[in-house]
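Sharing a structure with you now.
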Amino acid sequence: MENKPLSELTYEEASKELESILEKLRNDEVSIDKLEKVVTRAAALSKLCQDKLRNTEQKVQDIIDKLGL
């Protein structure tokens, strides 16, 4: 699992890390002792990805509106 701060992650990095975590969870590769930390990180990554998508969508919509399309 990555330890890079969320603020430094690109969407692609966050998405890949989230996919990796989900795969480990599906394959029972996460010990009970680390489960809370891993799930907390996954939730934060998911929120980061959602926020980045919403922000990008809004910016694109603003550009389209300015262009009158």
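We did not get these values from a lab; they are worked out from the coordinates using the rules stated. These figures come from a predicted structure and were not determined experimentally. No Cβ is skipped: glycine too gets one built from the backbone with ideal geometry, and neighbour counts run over all protein chains shown.
Does the range 37-47 hold any residues that are free of Cβ contacts under 8 Å to residues at least 40 places away in the same chain and closer than 15 Å to ASN3 by Cα, and which are they?
LYS37, VAL38, VAL39, THR40, ALA42, ALA43, ALA44, LEU45
Show the residue pairs that are 6+ apart or on different chains and have beta-carbon atoms under 7 Å apart, the first residue being within the range 48-66 and touching a residue at least 12 places away in the same chain (Cβ under 8 Å), the second being surrounded by 10 or more Cβ atoms within 10 Å (Cβ to Cβ) and not in a helix (DSSP H, G or I).
Pairs that qualify, where the first residue is touching a residue at least 12 places away in the same chain (Cβ under 8 Å) and the partner is surrounded by 10 or more Cβ atoms within 10 Å (Cβ to Cβ) and not in a helix (DSSP H, G or I), are LEU48/LEU9.
Also, I was wondering about something else. Looking only at the range 30-52, count every residue that is within 11 Å of TYR11 (Cα to Cα) and of a type in the set (S, T, N, Q) and tell me the total.
Of the residues in that region, 2 qualify.
How many residues, within the range 14-42, are aliphatic (A, V, I, L, M) and either outside any helix (DSSP H, G or I) or under 8 Å from the mean Cα position of the chain (by Cα) (or both)?
Counting residues in the range 14-42 that are aliphatic (A, V, I, L, M) and either outside any helix (DSSP H, G or I) or under 8 Å from the mean Cα position of the chain (by Cα) (or both) gives 4.
Cβ-Cβ below 9 Å, separation at least six or inter-chain, first residue in the range 17-35 and in contact (Cβ under 8 Å) with a residue 24 or more places away in the chain, second of a type in the set (Val, Ile, Thr) and not in a helix (DSSP H, G or I): which pairs?
Note: pairs meeting the criteria are ILE21/VAL30.
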